[in-house]
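Everything below concerns the one structure shown next.
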Amino acid sequence: IDRDNKYELIYTTSTYGCNAPKTCYDKLYVLDAETCNDESGWPKTISYYSRTTPAIANLDSDTNLEIVISARDSTSGYDSRILCYDANTGNEDCNYNDGGDLEAYEISPDIFDVDGDGDYNIIIPDKNYELHILDNDGAQLYTVMLDGIIGSAPAVGDLDGDFVAEIAALEKTIILQEEELKEKKKKQKEFYGAFKNLFKHRDVLNEELQK
């Protein structure tokens, strides 16, 4: 990303879900892929919680690439935002949260030129049945209402060869909340525990059945 003809490793870390004795940080890292040392000016401390893969593109057609991430405002809700950072300076170039209404799952943003103006756009789905299409400066271009919740990053491509990109998105019909997931895991653990105990004492059970 710094035009030195060498690969970099780019990722985020988060304090969300970080329990002792672990030490975690809310940061965006850029490492030299050969040495795993921090590139100059990195990491960047962020004031939000990001656990998604960053996207890389030259959003503003200058000489620098941008790093685009999605992040949560807190660990207790879905309030989210899209953040853009200049890959060379680390400066924040955009910060979009739809006026506080963006509520997204932990999904990486997509980048493509949706309107054919030569500049890339950013796309991110939210949990309120909307696809948010952003301009290259992070401002909202428009939104698209869908019939269901998007549970993954959309795929973008020219499917019919008309030189216009199409967006394919997978809709979720059932969403398990955190408490439901915990209860499901608890029942699975109880079932496997009972099954393991039954298997452990199979010989005794066989003897009793033969009697």
With the label point 7 Å along the Cα-to-beta-carbon line of residue 47 and a cut-off under 16 Å to each amide N, the hits in segment 82-101 are 82-85, 91-100
I'm a student and want to see the number: the projected area of the Cα convex hull of segment 1-136, averaged over all directions, in nm².
9.0 nm²
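Quick check: residue separation of residue 168 and residue 9 times 0.36 nm, minus the Cα distance between them. What number comes out in nm? Please report the intermediate quantities before stating the final value.
Values: separation 159, 0.36 × 159 = 57.24 nm, distance 2.81 nm.
Length gained between residue 168 and residue 9: 54.4 nm.
Taking only protein heavy atoms and a 1.4 Å probe, what accessible area per residue, in Å², does segment 1-136 have with all protein chains in place?
Here the per-residue accessible area is 48 Å².
Which of the peptides 7-15, 73-81 is most tightly packed, and how do the rest follow, judged by the mean count of other Cβ atoms within 10 Å per residue? Could the numbers behind the result be given before it?
Details: 7-15: 16.7, 73-81: 14.9.
Descending packing order for the listed peptides: 7-15, 73-81.
The values are calculated or read from the model by the stated rules, or taken from the named source; none is laboratory data. Predicted model, so just to flag it, every value in this text is computed and none were measured. Note that each Cβ is placed from the backbone with ideal geometry, even for glycine, and that neighbours are counted across all protein chains shown. The protein model used for the area step is the full one, side chains on, heavy atoms only, and it has no ligands, DNA or RNA in it. Shrake-Rupley method; radii C 1.70, N 1.55, O 1.52, S 1.80 Å.
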